1. Find the strands (runs of 3 or more DSSP E) located wholly in the stretch 3-110 whose residues include 3 or more that are not β-branched (V, I, T), and list them.
2. I need the full set of residues from the stretch 39-77 which are open to solvent by less than 10 Å² (accessible area, probe 1.4 Å) and either under 17 Å from R124 (Cα atoms) or among the aromatic types (F, W, Y) (or both), in order please.
3. Every residue in the stretch 30-78 that is basic (K, R) and in contact with a strand residue (DSSP E or B) (Cβ under 6 Å, 6 or more places away or on another chain), please.
4. Determine, yes or no, whether G265 is open to solvent by less than 30 Å² (accessible area, probe 1.4 Å) and either farther than 20 Å from L316 by Cα or in a loop (DSSP other than H, G, I, E, B) (or both).
5. Can you confirm whether R209 is part of a helix (DSSP H, G or I), surrounded by 17 or more Cβ atoms within 10 Å (Cβ to Cβ) and under 22 Å from the mean Cα position of the chain (by Cα)?
6. Are there any pairs, at least 6 apart or on different chains, whose C-beta atoms fall under 9 Å, with the first in the stretch 323-334 and under 16 Å from T33 (Cα atoms) and the second of a type in the set (V, I, T) and open to solvent by 20 Å² or more (accessible area, probe 1.4 Å), and if so, which?
7. Filter the stretch 271-308 down to residues that are among the β-branched types (V, I, T) and open to solvent by 80 Å² or more (accessible area, probe 1.4 Å) and give me whichever is farthest from the chain's Cα centre (by Cα).
8. Restricting the stretch 109-135 to residues that are closer than 23 Å to A4 by Cα and in contact with a Gly (Cβ under 6 Å, 6 or more places away or on another chain), which is surrounded by the most Cβ atoms within 10 Å (Cβ to Cβ)?
Amino acid sequence: MNAALLYDKEDLRLETIPDPEIGEGEILFKTCTASICGTDIRMWKNGHAFASPGKPLVIGHEMSGTIAQIGPGVTGYKVGQRVCVAPNYNPVSSYLTVAGEGHLDPDYRALGIHEHGAFAEYVRIPREAVLQGNVFPIPDHVSFAAAALAEPLSCVYNAYEKARTGPGDVVLIVGAGPIGVMHAKISRMAGAGKVIINDRNEARLALVRSLDPGFLTIDGDIGTELNRLTNGRGADVIITACSSAEVQARAIELAAVNGRIIFFGGLPKGKSIVPLDTNIIHYRQLLVTGTTRQSLRQFQKTLDLIADGLIRVDDLVTSTYKLRDIHQAFSGAMGRTAGLKTRISFE
């Protein structure tokens, strides 16, 4: 099969490798769509602990496709069935897996992170992931492009549950990339009174406004315009959908009384110690937290939201490439252009 393997920093190679062999309890997944995520880009730019010249890794973890083969002992699935796959699974049971938070277990595993992932024609789905329920049927009316985005959308839904966004809330999202727009879409679904998106890239903001004219956008500095839009009150919910220590610190200052702040974008290693004004947190009674990955419950929920037409995600896909053009796809995804989500199509 054809696959894209990460060998080292900025060393992604398109190669022909043997098709995966599956064993008892496993599924052979045939990829139809795999989307490029910010995590994939960081792994390419910085290297990755589980990708080396001696043991390269097929990256990619946002995937949809069909079942090509079923191993002995697998029930509830059939060859040819349309499915998408949640990438995070747990090899062993633990307190967190029992609590439904296995994605936070330090010993979790993930396709495209620890095991071969989606930028290949076929993916072996391990027995533990099959048993855990990581393979989700896709309704016939949902496209492969949309189903592959259940993974990032479910990460965003995790943040939504923490933020408790409700009717009338003023939501500020810093970062107008695909993740930021997903936050905006879920906030709109939740009944937010104002959904404000901040970014330095006016082309991205113009695209955001074209997706939903109701989204309010701010380019450059946030403070003055946010004060005007909220009559000086600040935002009830602030989501940092970008990797910026400066934005994290500023979010504290921009929050309304009883505001909720979600640090969604992580920071690079060595740059994660950020000075925060804790008096503002104290006297405004702010809740400051972060979220990462998603539970299987949240993955199922977001797939249902897509299937039921409550959230549209296929309009986020602005570039489509074949696997043979993956280097061009990565270059486009890394560029700060007007585009949003890049996908690799195997159809």
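The values are calculated or read from the model by the stated rules, or taken from the named source; none is laboratory data. Everything numeric here is computed off the predicted structure, so don't read it as measured data. Cβ: placed from backbone, ideal geometry, glycine included. Neighbour counts: every protein chain shown. Calculation scope for accessible area: heavy atoms of the full protein, side chains included, ligands and nucleic acids excluded. Shrake-Rupley method; radii C 1.70, N 1.55, O 1.52, S 1.80 Å.
1. In the stretch 3-110, 11-16, 27-35, 62-70 are the strands (runs of 3 or more DSSP E) which contain 3 or more residues that are not β-branched (V, I, T).
2. L57, V58, I59, G60, E62, M63, S64, G65, I67, G71
3. Quick first cut of the stretch 30-78, residues basic (K, R) only: 30, 42, 45, 55, 78.
Correct list: K30 only.
4. Values: open to solvent by less than 30 Å² (accessible area, probe 1.4 Å): yes; either farther than 20 Å from L316 by Cα or in a loop (DSSP other than H, G, I, E, B) (or both): yes.
It is true that G265 is open to solvent by less than 30 Å² (accessible area, probe 1.4 Å) and either farther than 20 Å from L316 by Cα or in a loop (DSSP other than H, G, I, E, B) (or both).
5. On the way: part of a helix (DSSP H, G or I): yes; surrounded by 17 or more Cβ atoms within 10 Å (Cβ to Cβ): no; under 22 Å from the mean Cα position of the chain (by Cα): yes.
So R209 fails the test.
6. Hits for this filter: A329/T320; F330/I41; A333/I41.
7. Pass one, the stretch 271-308, residues among the β-branched types (V, I, T): 273-274, 278, 280-281, 288-289, 291-292, 302, 306.
Filter once more, keeping what is open to solvent by 80 Å² or more (accessible area, probe 1.4 Å): 273, 278.
Numbers: I273: 24, T278: 30 Å.
Within the stretch 271-308, the match that is farthest from the chain's Cα centre (by Cα) is T278.
8. The qualifying residue surrounded by the most Cβ atoms within 10 Å (Cβ to Cβ) is A118.
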